[in-house]
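The values are calculated or read from the model by the stated rules, or taken from the named source; none is laboratory data. Here the structure is a predicted model, which means the values were calculated and not measured. Heads up, the Cβs are rebuilt from the backbone with ideal geometry, glycines too, and the neighbour counts pull from every protein chain shown.
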Amino acid sequence: TVVAVAQGLPKLGVKKTYKVGFAQTESNNPWRIAQTKSMQEEAKRLGWQLVYTDAGGSAAKQVADVNSMIAQKVDAIFLAPREEKPLAAAVKNARAAGIPVILLDRNVDQSLAKAGTDYVTFIGSDFIQEGQRVGTWLKANHKGQARVIQLLGTTGSSPANDRRKGFEDAVKSDTSIKILASQDGDFARDKGRQVMQTLLQAHPDVNVVYAHNDEMAIGAIAALEAAGKKPGKDVLVMSIDGGKEAVQLVANGKINYVVECNPRFGPKAYATLKDYAAGKKIPAKIINPDRDYDAKTAKAGLATAY
Ligand code: GZL
């Protein structure tokens, strides 16, 4: 007789320590490095064995990295899917191998994999809300006609898709805000600088820059200054992540508004796995609260920015 496969997720027995995998997307910016540090430090504190991989910016390699963790028979896998569609395959492979997956920071395409059947839960920020908060701030703080250049995060990643959606939904009803151009800067500082330099030539009248992360905002600031513009003054600059460098730039008046996206996942990630192993009901999404920083709050915010 065919034994029906339990529709639920793979069970995980309660143990003193676990051997877990963490498949990271890349290490090309401070946010990524802070996330990895948090996962490594917390595993060490708990005495868990951590199998860590870095996909170097390749979704295909990240899938291979997850497959190698499956082969090593880890107890569970923590995955920050670089892009929403390709990494759904990795989630399905782990599910088929009976290894529970917890998604951190980024999500997979919900038509391809679902919480509760393919993976345990998504822990991270609400990226749509982050984009909406930037749009809402701009509506309340720009003077005259706002002419916006939007620097997009990694193509196909959930933060890039949702930070764009949240921002554009928030500003679409305001006829005094016009998006001149939106282009991919891959969440990277120098790519952000190059894209900003190019778009500045096409749109010298830009007076607002919305970067999907601090790194691209910092790159854009370099391009603006090279063109003789004053970031934060004649061109408003807004970003997301809230790393120390960006919060310092808010205090210095070169960035006007930053929404935090906290990278310190370790404690919540492992606590969630322990709850799951103990048979507790885990919600499909566990949303991290995000602070924000402007000229009034940046100085004090520096004390706890990552
Ligand atoms: C957001 C995270 C993004 C950061 C970028 O949770 O996926 O990736 O905002 C990072 O800085 O590259």
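Please go through the range 91-137 and pick out each residue that is of a type outside the set (S, T, Y), away from the ligand (no atom under 16 Å from the Cβ), surrounded by fewer than 21 Cβ atoms within 10 Å (Cβ to Cβ) and in a helix (DSSP H, G or I).
Correct list: K92, N93, R95, A96, W137.
Which one is surrounded by the most Cβ atoms within 10 Å (Cβ to Cβ) among residues in the range 277-306 that are under 30 Å from L12 (Cα atoms) and out of contact with any Ser or Thr (no Cβ under 8 Å at 6 or more places or on another chain)?
A277
Within the range 183-205, count every residue that is out of contact with any Phe, Trp or Tyr (no Cβ under 9 Å at 6 or more places or on another chain) and outside any helix (DSSP H, G or I).
Of the residues in that region, 8 qualify.
Can you find a residue in the range 186-208 that is touching a strand residue (DSSP E or B) at 6+ places or on another chain (Cβ under 8 Å), within 19 Å of C261 (Cα to Cα) and free of Cβ contacts under 8 Å to residues at least 60 places away in the same chain?
Yes; the residues of the range 186-208 include at least one that is touching a strand residue (DSSP E or B) at 6+ places or on another chain (Cβ under 8 Å), within 19 Å of C261 (Cα to Cα) and free of Cβ contacts under 8 Å to residues at least 60 places away in the same chain.
Can you tell which of S58, S38, S68 is at pLDDT 95 or above and touching a helix residue (DSSP H, G or I) at 6+ places or on another chain (Cβ under 7 Å)?
One residue alone meets the criteria, S38.
Being in a loop (DSSP other than H, G, I, E, B) and within 16 Å of the ligand (Cβ to nearest atom) is the filter; apply it to the range 138-155 and report the residue that is farthest from A188 (Cα to Cα).
T155
Pick from L152, L138, L200: which is over 24 Å from the mean Cα position of the chain (by Cα) and not aromatic (F, W, Y)?
After applying the criteria, what remains is L200.
Look at the range 168-192 and say how many of its residues are crowded, with 22+ Cβ neighbours inside 10 Å and away from the ligand (no atom under 14 Å from the Cβ).
1
Could you please give the count of residues in the range 210-230 that are away from the ligand (no atom under 16 Å from the Cβ) and either surrounded by 24 or more Cβ atoms within 10 Å (Cβ to Cβ) or hydrophobic (A, V, I, L, M, F, W, C) (or both)?
Residues flagged as away from the ligand (no atom under 16 Å from the Cβ) and either surrounded by 24 or more Cβ atoms within 10 Å (Cβ to Cβ) or hydrophobic (A, V, I, L, M, F, W, C) (or both) within the range 210-230 amount to 5.
Using the structure shown, decide if N262 is of a type in the set (S, T, N, Q) and in contact with a Leu (Cβ under 6 Å, 6 or more places away or on another chain).
When the stated conditions are applied, N262 does not pass them.
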